[in-house]
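FYI, it's all coordinate maths here, none of it is from the lab. All of these numbers come straight from a predicted model, not from anything done at the bench. Ideal geometry is used to build each Cβ from the backbone, glycine not excepted, and the neighbour counts take in all protein chains shown.
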Amino acid sequence: MLEKKKLLTAAASIAIATTMAASVNAKVTLMADEPSGWSFSVDGNVNAFYVYSTGEDALTSSATTTYGVQRTSKSDVARIQTGLLPSKFGFGVSGPASNGITLRGYFGLYPQIQNAGTKTARGAQIDMREIYAAASGDFGELLFGRTLSLFQRNAIVQDMTLFGVGATGNNVANGGTTLGRIGFGYVYPDFNAGIRYTTPALGAASLSVGLFDPSKIVVGTNSAASANTTFSTTPTPRFEAELNIDLSNISAGSNLAISGIYQEAEGGGGDVEAEGIHVGGTLAAGPYALTAHYYNGECLGSTVQLDVDAISSNGVCRDADGYYAQVTYNYGDGKVGLSYGESNLDQAGSDASTAFSETDSQSMYTLGVYHNLAPEWLAVAEWSTAENDWHGKASGESEAESTILSVGMFYLW
C-alpha cells in the first residue's frame, strides 16, 4: 500500500536534511509489513534552474595560473542546470526491533541534469553521496557508512541557498552542482566514509562523535601547486564532533550547534595538524528567523575542507575563518530571505615571498524567494553578488566580481 507522510524539518535526520525543504519534504512508503516490522521507502527530488551569471574580473589573464581556484564567473554565462543540490533518488529500509535495537539502511543516488558545457554527452554526472546503516536504541545511535560529515553540517543545512544556486564558481563548463554559500561563509563538510555515535537526548542536547576516512592535505589544485608539498600519509582517522542543543523551549525552530574537527597528516619530511571549531544556529520568532554561523581553524582551506588550498607551498598551515548571517520571513506558502557571508584565508610560510599565492577572501550577498506552488512543488528565485580576492595581486589589479540570477523549481517526494 502506498502511504505518503510529511516529515517535519526539525525532526528530519541530517542525512535527509541535505535534501529537505521547510514545508515540502515527504517520502513514499512502498511496503510496510506491520506484523514483521519491515518497511521500504523511497524519497528524492528533481530540480532545474535557469542560471545567468556575469563577471567583472581584472585577474582573467592570471587568476587560474597565479592566484589559485576562481570562485566567481569570469564572463557572461547562461546555463540550464541543477542548483546547489543535485537531483536525488533514495532508498530506505528499516527492520523490526530486536533486543531493543532497530536497524535501518539508506542508499542515495544524486545525479545532475546538465552536461559539462557540451551538447554531446552520454550521461550526466552521478554522485554516490549516501550509503549507510544505523542501529538505534536506548543507548543512542551508531551509524556506519557514507553520509554528511559533522563539522559545519549545521551551517549548510540551515543555509537558505541549499534550495537555490548561490555562487556558481567559473560556471562555463560545470558538470556538477553550484556552490551555494560554500566558500562564502563556511567550508564544505562533504559526504565521507565514517563511523559515528550519537547519544540519546541529554536534556535538550545531543552529542555526535565520529571517526572519518582521513584526507590528504595539499596546497592547491592550480598548475603552480603541482610540485609543492603534499601531506598524504594519514596514520590516524579524522575526528569530528557536534553538540546540538534544541532551543524550542525558547521558540519553535531554534537551535544552537557547536562542532569541531581534528586530523593529522604526514609528508615532505614533516607533519601538519588540521583543526577547527564552528558555532552557529537559528533563533526563530514567529514568522522571522535569524541564522548565524562562524568558524575558525588551521589547514581548513577556503572552500572545501583540507584538500585544496589548506597549506602554503612549503607546508605551513594557513589560518582560515568565516561567517554568514541570514534573515528569513515565512509568509505561509513560502519564505523570503537575505544573507551575507564571507570566508577568509591568511598567508602562511612562503606565500608572501613567491609569485604563487591563494585566496584572501570570498564574500557574497544573496536575496532569495522560496515559494511552495503545491506541497511537493517548490519554486525558487535568487539574486547573488559575489566577490573573490587574492593575496599578492599585481599593482592595479582588483578583486573579481560576479552577479548571479537564477530561477528554478523542485519536485520533492
At a 10 Å Cβ-Cβ cut-off, how would you order Leu378, Leu179, Leu405, fewest neighbours first? Leu405, Leu378, Leu179
Name the aspartates and glutamates eligible as straight-distance cross-link partners of Lys88: C-alpha to C-alpha under 13 Å, and not fewer than 8 places from it in the same chain. Asp43, Asp127, Glu130
In whole Hz, the Karplus estimates of ³J(HN,Hα) for segment 104-113 (6.51, -1.76, 1.60; θ = phi - 60°; x where Gly or Pro) are 9, x, 8, 9, x, 9, 10, x, 9, 9
Calculate, in whole percent, how much of the Cα-Cα pair population of segment 96-158 lies beyond 20 Å. 53 percent
Calculate I(q)/I(0) for segment 135-176 by the Debye formula, one identical point scatterer on each C-alpha and no solvent, and give its log10 at q = 0.19, 0.34 Å⁻¹ to two decimals. -0.83, -1.08
Calculated SAXS-style log₁₀ I(q)/I(0) at q = 0.11, 0.12, 0.19 Å⁻¹ - segment 246-388, Debye, Cα scatterers: -0.57, -0.65, -1.10
Report, ordered by chain and residue number, the aspartates and glutamates lying within cross-link reach of Lys216, taken as a straight Cα distance under 12 Å and ignoring same-chain residues fewer than 8 apart. Glu264, Glu266, Asp271, Glu273, Asp307, Asp309
Stretchable slack from Ile277 to Trp38, in nm (0.36 nm times residue separation minus alpha-carbon distance): 82.0 nm
Filter the chymotrypsin sites (Phe, Trp or Tyr not before Pro) in segment 278-341 to those in DSSP coil with at most 14 other Cβ atoms within 10 Å of their Cβ, and list the result. Tyr331
Evaluated at 25 °C and 0.890 mPa s, the Stokes-Einstein D of segment 131-244 based on the Kirkwood radius over Cα pairs, in µm²/s, stands at 148 µm²/s
For peptides 276-282, 117-123, sequence by mean Cβ density within 10 Å, most packed first: 276-282, 117-123
Among Arg318, Arg104, rank each residue by its count of other Cβ atoms within 10 Å, from fewest to most, as a rough exposure measure. Arg104, Arg318
Which residues' amide hydrogens lie under 5 Å from the amide hydrogen of Gly334, considering only partners 5 or more residues apart or on another chain, with H built in the peptide plane? Asn372
Among the aspartates and glutamates, which have Cα under 20 Å from the Cα of Lys74 when same-chain residues fewer than 8 positions away are ignored? Glu56, Asp57, Glu342, Glu358, Asp360, Glu382, Glu387, Asp389, Glu397, Glu399, Glu401
By counting other Cβ atoms within 10 Å of each Cβ, how are Ser248, Ser259 ranked from fewest to most? Ser248, Ser259
Taking every other residue with Cβ under 11 Å from the Cβ of Phe231 and scoring Lys and Arg +1, Asp and Glu -1, one gets -4
Would you mind calculating the relative contact order of segment 146-249 from Cα pairs under 8 angstrom and at least 6 residues apart, reporting the percent as a whole number? 27 percent
